[in-house]
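Participant: One structure, as structure tokens, below. Some questions next.
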Amino acid sequence: MNIAQLWYANEHHIPVLGHRGISMYYPENTLPSFEAAIRAGVDLIEFDVNVTRDGELVVIHDNTIDRTSDHQGRTRDYTLAELKTFDFSYKFPDQFRGVQIPTLREVLSLAVSLSDTLLFNVEIKDMEHETVDQTVAMLHEFGIEERCVIACFDAEIIRYTKLAHPHMRCQGFPGRYMDNFTEDTYDCMFGMGIPIAARDSTDALIAADVAMAREKGILCWLFTADTEENVKKCVSFGCDNITGNDPRVSLDTLRAMGLHK
């Protein structure tokens, strides 16, 4: 099996990414959400890394727990043991009451137990160099660096990752979406996340972003498509993968088009 080829679309297969798992129907960035996405047949999962007060890597999108738990405060203000007592069922308390925040180790352990070809989009949300270093060290421990990309909206973190860990693939975004952006950030990118549903996401701008990425040799990863219409729109732009909050929509649509195995 050539792991490197799993990153690339071909005429019969466009990879599909589950955004925080299946975040439309499960508490985002939780083990049930990731398991559902993997069992549905996604090629990649995306998740976000933060750090606790006692230095543990946890998977949560925000730098605070206000939005997704029954408590408030910065993730960094709590120990892992304290965070594990909180309810992260978010929008789905009836179905998932009591679901816990997962550690990065727990997410990776689950994922590798379910698939030996799954790819990982690991977004750094605690934007410190040591967070990158700790994260890469754990990916190395699991032996999955080749199956991972480090993503961030802070261009400085992307540049640092490529400098400190040159073997790692990195994903950024068009410069206008990134903090601390400089043109040489593009030189560090393996993939570029291009939004199709942002306020400024006109067809002309998406096309321009795709063309720019292609010119620079960067893969075009379009997000977030949760309708059949938007999935087909991504295909029309020549995407290299498609992200969905309900990736099953992409899977079903692409399979009907003969574009997902």
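Participant: Taking the DSSP beta bridges in the chain as the whole, what percent of them are antiparallel, to the nearest 5?
Facilitator: Of all bridge pairs located within the chain, approximately 15 percent are antiparallel.
Participant: Now a separate question. Rolling a 1.4 angstrom probe over the protein heavy atoms, how many square angstrom per residue are accessible across the range 1-125?
Facilitator: That works out to 42 Å² for each residue.
Participant: Among ASP70, ASP48, ASP62, which one shows the highest mean-square fluctuation when the chain is modelled as a Gaussian network with alpha-carbon springs under 10 Å?
Facilitator: ASP70
Participant: Take the chain, connect every pair of alpha-carbon atoms lying under 10 Å apart with a spring to form a Gaussian network, then pick out the residue of ARG169, ARG159, ARG53 with the largest mean-square fluctuation.
Facilitator: Looking only at ARG169, ARG159, ARG53, the largest GNM fluctuation is found for ARG53.
Participant: Using the alpha-carbon centroid of each, what span in Å lies between the range 25-63 and the range 6-20?
Facilitator: First find each Cα centre; the distance between them is then 19 Å.
Participant: Lysine pairs in the chain 8 or more apart or on different chains: how many have alpha carbons under 27 angstrom apart?
Facilitator: For the chain, qualifying lysine pairs total 9.
Participant: Sum -39500 (n - 2.57) across every DSSP H segment of at least 4 residues in the chain, then divide by the residue count to get the 222 nm mean residue ellipticity, nearest 500.
Facilitator: Taken over the chain, the calculation gives -9500 deg cm²/dmol.
Participant: Classify the range 1-148 as rounded, prolate or oblate from the Cα gyration tensor: take a ≥ b ≥ c as the square roots of its eigenvalues, call it rounded if a/c is under 1.5, otherwise prolate when a/b beats b/c and oblate if not.
Facilitator: Verdict is oblate for the range 1-148.
Participant: Looking only at THR64, THR202, THR243, which one moves most when the chain is put into a Gaussian network model with springs between Cα atoms under 10 Å?
Facilitator: Maximum fluctuation in the GNM of the chain, among the listed residues, is at THR202.
Participant: So what's the net charge close to GLY143: Lys and Arg +1, Asp and Glu -1, counting the other residues with Cβ under 14 Å from its Cβ? Kindly include the intermediate steps, with their values, before the conclusion.
Facilitator: Numbers: positive: ARG105, ARG147; negative: ASP116, GLU141, GLU145, GLU146.
Net charge around GLY143: -2.
Participant: Further question: Whole Å is fine, so just give me how far the alpha carbon centre of the range 201-235 lies from that of the range 68-144.
Facilitator: 28 Å
Participant: What does the charge count near MET189 come to, summing +1 for each Lys or Arg and -1 for each Asp or Glu among other residues with Cβ under 11 Å from its Cβ? Kindly include the intermediate steps, with their values, before the conclusion.
Facilitator: On the way: positive: ARG159, LYS162, ARG169, LYS216; negative: ASP184, ASP187.
In short, +2.
Participant: May I pose another question? Rounded to whole Å and ordered largest first, report the semi-axes of the equivalent ellipsoid of the chain derived from its Cα gyration tensor (root of 5λ).
Facilitator: Equivalent ellipsoid semi-axes, largest first: 27, 22, 18 Å.
Participant: For the range 150-230, what relative contact order do you get, as a whole percent, if you take Cα pairs closer than 8 Å and at least 6 residues apart?
Facilitator: Computed over the range 150-230, the figure is 26 percent.
Participant: If you roll a 1.4 angstrom probe over the protein chains with everything in place, what fraction of the accessible area of the chain belongs to carbon and sulfur, to the nearest %?
Facilitator: About 49 percent, which is the carbon plus sulfur part of the accessible surface.
Participant: Of TYR8, LEU259, THR30, which is farthest towards the positive pole of the chain's charge dipole, taken about the Cα centre with +1 and -1 on the beta-carbons of Lys, Arg and Asp, Glu respectively?
Facilitator: Going by the charge dipole, the pick is LEU259.
Participant: Just to confirm a number: summing +1 for Lys and Arg and -1 for Asp and Glu over residues other than SER109 whose beta-carbon lies under 15 angstrom from that of SER109, what do you get?
Facilitator: -3
The values are calculated or read from the model by the stated rules, or taken from the named source; none is laboratory data. Keep in mind that this is a model prediction, so the values were computed, not measured. Cβ coordinates were reconstructed from backbone atoms using ideal geometry, including for glycine residues, and neighbour counts include every protein chain displayed. Remember, those area values only see protein heavy atoms, side chains included, never the ligands or the DNA or RNA. Shrake-Rupley method; radii C 1.70, N 1.55, O 1.52, S 1.80 Å.
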